[in-house]
Amino acid sequence: AAREVMTELRSVVAVSMRDLLRQAVDAGVAEAVLQLGYYDIPVPDNASYMDLYSQVDSAANVIGQTIDLQANTIYALISSGESALVLGDDSRLGVLKPGNLLLAGAFWLSTLMWNSFSDVAIRHGKDRTQKQAIAAIDNKTTDCCLRVHGQVVDLDGYFKLSGTPRYADELEWTPFHAWCRTSVALYDRRYDDGLSAKMRSAANTVLDERNRGIYNTRRPADAYG
């Protein structure tokens, strides 16, 4: 019975995730076209991006493996007579829980969106624009994202990461860490008008406050603190 339930769960999740992952690719393409339009960079109406969907099945399978890992643990617990640990109780979570699945899903949704955004932006705007990391500044903003906030690099370049937590010291696109909320926008220095300096000032203000043990409430989150 447990195997039937877990097999059905994996099937439902796989179908749902493939649809969501395709929507993420669509969103990335649409956002790139929109932002390129702001800088009067044309995108042909007949441009095809079907190759961007090649990663969808692979990402869906990786997400599905988080269910497989839970399923194998569940089968072992049932076989050993510890079935109560599967669902847990009021005092603790069981083995069957959504956290790992949601984390994997969030990572791949954002990754595919930014991959498609990157592909379209580089195809049509590589020689005319750059990209800028833009964090959402509030009490939840990580040290990593505060330190990269406002950084500008070439479209095919890497953001330099020095704060924590972070997946790596250099990354082309977000997410920079688990549950990362930082976005990336196309950037043209001619239209900066001091905005990048304001962004860095806001991030530095929050970093300085935290160093002094101050945590001011900021609602809603924005790029200028």
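The values are calculated or read from the model by the stated rules, or taken from the named source; none is laboratory data. From a predicted model like this one, the values you see are computed outputs, not experimental measurements. All Cβ positions, even for glycine, are placed from backbone atoms using ideal geometry, and neighbour counts span all protein chains on display. Just the protein is used for accessible areas: all its heavy atoms, side chains included, with ligands, DNA and RNA removed. Shrake-Rupley method; radii C 1.70, N 1.55, O 1.52, S 1.80 Å.
Within the span defined as region 182-191, one or more residues are assigned to a helix (DSSP H, G or I) and among the hydroxyl-bearing types (S, T, Y). Search region 16-42 for residues that are farther than 11 Å from W114 by Cα and pair each with any residue that is among the acidic types (D, E) when their beta-carbon atoms are under 9 Å apart and the residues are at least 6 apart or on different chains. Here the result reads R18/D57; L21/D57; Y38/D188; Y39/D188, each pair linking region 16-42 to a residue that is among the acidic types (D, E).
R190 meets each of the listed conditions (1) within 15 Å of the chain's Cα centre (by Cα); (2) open to solvent by 40 Å² or more (accessible area, probe 1.4 Å); (3) closer than 23 Å to V33 by Cβ apart from (1). If you go through region 120-178 and keep only what is in a loop (DSSP other than H, G, I, E, B), out of contact with any Cys (no Cβ under 9 Å at 6 or more places or on another chain), of a type in the set (A, V, I, L, M, F, W, C) and surrounded by fewer than 19 Cβ atoms within 10 Å (Cβ to Cβ), you end up with A168, A178. Does V12 qualify as being open to solvent by 30 Å² or more (accessible area, probe 1.4 Å), at pLDDT 90 or above and of a type in the set (V, I, T)? So V12 fits the description; yes.
Pairing residues of region 129-154 that are in contact (Cβ under 8 Å) with a residue 12 or more places away in the chain with residues that are among the small types (G, A, S) and open to solvent by 30 Å² or more (accessible area, probe 1.4 Å), at Cβ distances under 7 Å and at least 6 apart in sequence or on separate chains, gives I134/S183; A136/A221; I137/A221; I137/G225; D138/A221; R147/S162. Of the conditions (1) under 17 Å from the mean Cα position of the chain (by Cα); (2) modelled with pLDDT under 95; (3) among the β-branched types (V, I, T), V95 satisfies every one except a single condition; which number is it? Answer for V95: the failing condition is (1). Would you say G225 is under 12 Å from T141 (Cβ atoms) and part of a loop (DSSP other than H, G, I, E, B)? So G225 fits the description; yes.
Within region 19-41, none of the residues are in contact with a helix residue (DSSP H, G or I) (Cβ under 7 Å, 6 or more places away or on another chain) and either modelled with pLDDT under 90 or over 28 Å from Q132 (Cβ atoms) (or both).
With respect to (1) out of contact with any Leu (no Cβ under 8 Å at 6 or more places or on another chain); (2) open to solvent by 40 Å² or more (accessible area, probe 1.4 Å); (3) among the aliphatic types (A, V, I, L, M), the lone exception for A106 is condition (2).
The test for being open to solvent by less than 20 Å² (accessible area, probe 1.4 Å) and modelled with pLDDT of 90 or more holds for G64.
Residues checked against (1) within 23 Å of the chain's Cα centre (by Cα); (2) open to solvent by 60 Å² or more (accessible area, probe 1.4 Å):
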position: Y38; (1), (2): no, yes
position: D45; (1), (2): no, yes
position: M50; (1), (2): yes, yes
position: V56; (1), (2): yes, no
position: S79; (1), (2): no, yes
position: E82; (1), (2): no, yes
position: L85; (1), (2): no, no
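Being surrounded by fewer than 20 Cβ atoms within 10 Å (Cβ to Cβ) and in a loop (DSSP other than H, G, I, E, B): is that true of A197 here? No. Only a single item in (1) β-branched (V, I, T); (2) open to solvent by 30 Å² or more (accessible area, probe 1.4 Å); (3) at pLDDT 95 or above is not met by I214, and it is number (3). Within the option set A71, A106, being within 30 Å of G28 (Cα to Cα) and of a type in the set (A, V, I, L, M) holds for one residue only, A106.
A search for C-beta distances below 6 Å between a residue of region 160-181 that is closer than 17 Å to G150 by Cβ and any residue that is small (G, A, S), counting only pairs 6+ apart in sequence or on different chains, returns W173/S118; R181/A136.
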